[in-house]
Amino acid sequence: MRSDFYKYQTQTTPHPLAMEVSHAKGSYIFDTNNKAYLDFVAGVSATPLGHNHPKIINAIKAQLDKYLHVMVYGEYIQKPAVELAKLLAKNLPHPLESTYLVNSGTEAIEGALKLVKRATGRSEIISAKDAYHGNTMGSMSVMGYEERKQAFRPLLPDIRFINFNNEEDLTKITSKTAGVILETIQGGAGFIEPKNGYLEKVRKRCNEVGALLILDEIQPGIGRTGKLFGFENYNCIPDILVMGKGLGGGMPIGAFTASSKLMNLLQDNPKLGHITTFGGHPVIAASALATLREITESDLMAQTLEKEQLFRKLLVHPLIEDVRGKGLMLAIITPSAHITNSVILQCQDEGLILFWLLFEPRAIRITPPLTISNDEITKGCSIIIDILNKIQ
């Protein structure tokens with residue numbers, strides 16, 4: 001299997017971790033030698049209820065017996081998609097009420113970028129340096145990291161960049177700006193939170209010049225920060241909310257939500273302003289609906305903040321310079337990329353899954369399932385500290 005993996009499946013890096021997976025359950029992934037790995041990554045924030053959660057599995061199986069794909073998005077009334085969109089609206093502030101379901105976070109970003117241009121008649125998009133919003137051409141255009149983009153230029157024109165948390169840069173948002181797109185918490189940059197009411201000030205500036213605000217919640221969303229969406233922590237309601245990853249409960253999904261007035265612009269002039277064959281797929285929507293119900297109806301979000309404090313209590317070491325982030329969206333910052341690489345690789349050998357962030361080479365990702373237990377947190381942190389002691 002290993003040789004076939006390298007021969008037939010296209011790789012994204014020269015050195016994939018290449019664990020051969022047998023099965024997964026709860027907070028653990030098992031390899032084909034039946035070795036258990038405690039999962040501190042959750043598929044890069046994509047499995048908030050852990051692996052093989054019974055409510056998700058049952059929802060998927062029940063839908064499988066009814067129908068799979070029947071028609072392109074938006075033409076037929078399909079109960080899982082309608083109920084998912086309705087539940088999102090129920091849990092979002094006014095005027096976020098209408099949701100377009102797509103296949104991935106990056107596609108949701110593409111739809112949001114199109115919508116701000118359609119709504120304003122303007123072309124300029126402002127993003128943040130060190131931002132990551134996905135890897136399709138439009139999403140890459142608003143990625144604030146040139147090293148990852150230069151091989152694929154030319155990209156979208158009329159993109160400008162500001163520094164996240166820099167209030168002086170807000171003057172760059174003008175009457176020429178169609179939209180400002182920001183991650184609520186910068187992910188690839190190292191889990192950077194907004195400070196000093198930054199998002200509120202961006203919101204105010206957008207209002208002043210008639211620009212629309214897109215907040216990318218693909219990573220912080222779906223309960224990970226102790227709220228259903230990260231923006232709820234920062235007193236800032238976007239015009240367009242983008243989500244993905246955790247919403248699917250382990251199935252591929254993306255979505256963007258705005259007011260009905262805005263979203264209706266995609267219906268006409270031109271018709272089919274955004275279109276997808278498989279967006280809102282009934283099986284995936286059923287999985288997402290079960291995930292969203294469990295997170296909103298349980299106390300998992302409150303637990304998330306308690307578990308954050310346990311992580312912060314346990315992750316104390318001379319080689320840990322900082323623990324950034326909020327809730328269960330955390331990043332350990334070490335003194336060097338070399339130490340970070342050593343910790344991630346040695347922890348995998350010891351049965352603990354950690355991972356990197358895109359643009360901050362000193363960061364160690366900790367984004368476990370929201371369902372992780374305190375005992376599992378203690379166990380994993382003990383492995384990290386033991387490895388750091390050996391490195392020190």
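Read-outs: derived from the displayed coordinates by stated rules, not from any lab. Quick caveat: nothing in here was measured; it's all calculated off a predicted structure. Glycine also receives a Cβ, built like all others from the backbone with ideal geometry; neighbour counts cover every protein chain displayed.
Before moving on, here are some points about what is shown:
- Around the amide H of residue 162, modelled in the peptide plane, lie the amide H atoms of 127, 128, 129, all under 5 Å away and 5 or more residues distant in sequence or on another chain.
- Rounded to the nearest Hz, the phi-derived 3J(HN,Hα) couplings of region 136-147 under the Karplus curve 6.51 cos²θ - 1.76 cosθ + 1.60 (θ = phi - 60°) are 6, 5, x, 4, 5, 4, 9, 6, x, 8, 4, 4, where x marks glycine and proline.
- Of 15, 317, the sequence from fewest to most neighbouring Cβ atoms within 10 angstrom is 15, 317.
- Where labels lie 7 Å past Cα in the beta-carbon direction, separation of residue 265 and residue 89 in nm: 2.0
- Restraint check, 114/176; 227/307; 307/379; 195/326; 204/227, Cα-Cα greater than 18 Å: 204/227
- Estimated inter-spin distance, residue 349 and residue 296, nm [label 7 Å along Cα→Cβ]: 4.6
- Evaluating 6.51 cos²θ - 1.76 cosθ + 1.60 at θ = phi - 60° for every residue in region 293-310, the Karplus couplings come out as 4, 5, 5, 7, 9, 9, 9, 4, 5, 5, 4, 4, 6, 5, 5, 4, 5, 5 Hz, glycine and proline recorded as x.
- The separation of region 368-392 from region 179-247, counted between C-alpha centres, amounts to 29 Å.
- Rounded Å value of the spacing that divides the Cα centres of region 250-286 and region 140-163: 25
- Computed helical MRE - 222 nm, the chain, DSSP H runs ≥ 4 contributing -39500 (n - 2.57), nearest 500: -10500 deg cm²/dmol
- Order of 304, 32 - criterion: other Cβ atoms within 10 Å of each residue's Cβ, fewest first: 32, 304
- Counting every other Cβ atom within 10 Å of each residue's Cβ, 17, 345, 292 order from fewest to most as 17, 345, 292.
- Inter-label distance for residue 21 and residue 165, nm, one decimal - labels placed 7 Å from Cα along Cα-to-Cβ: 3.3
- Close amide H partners of residue 183, meaning residues 5 or more places away or on another chain with modelled amide H under 5 Å apart, are 216.
- Note on region 198-347: the C-alpha convex hull projects to 12.5 nm² when averaged across all orientations.
- Taking the DSSP bridge list for region 56-297 and keeping only pairs wholly inside it, about 40 percent are antiparallel.
- Take the Cβ atoms of residue 150 and residue 312, set R0 to 35 Å, and the FRET efficiency comes out at 0.40.
- Overall form of region 1-151 per C-alpha gyration tensor (a/c, 1.5; a/b vs b/c): oblate
- Rounded Å value of the spacing that divides the Cα centres of region 81-109 and region 310-332: 32
- Residue-wise HN-Hα couplings along region 370-386, as the Karplus relation 6.51 cos²θ - 1.76 cosθ + 1.60 with θ = phi - 60° gives them from phi, are 5, 7, 4, 8, 4, 5, 5, 4, 4, 4, x, 5, 4, 5, 4, 5, 4 Hz; Gly and Pro carry x.
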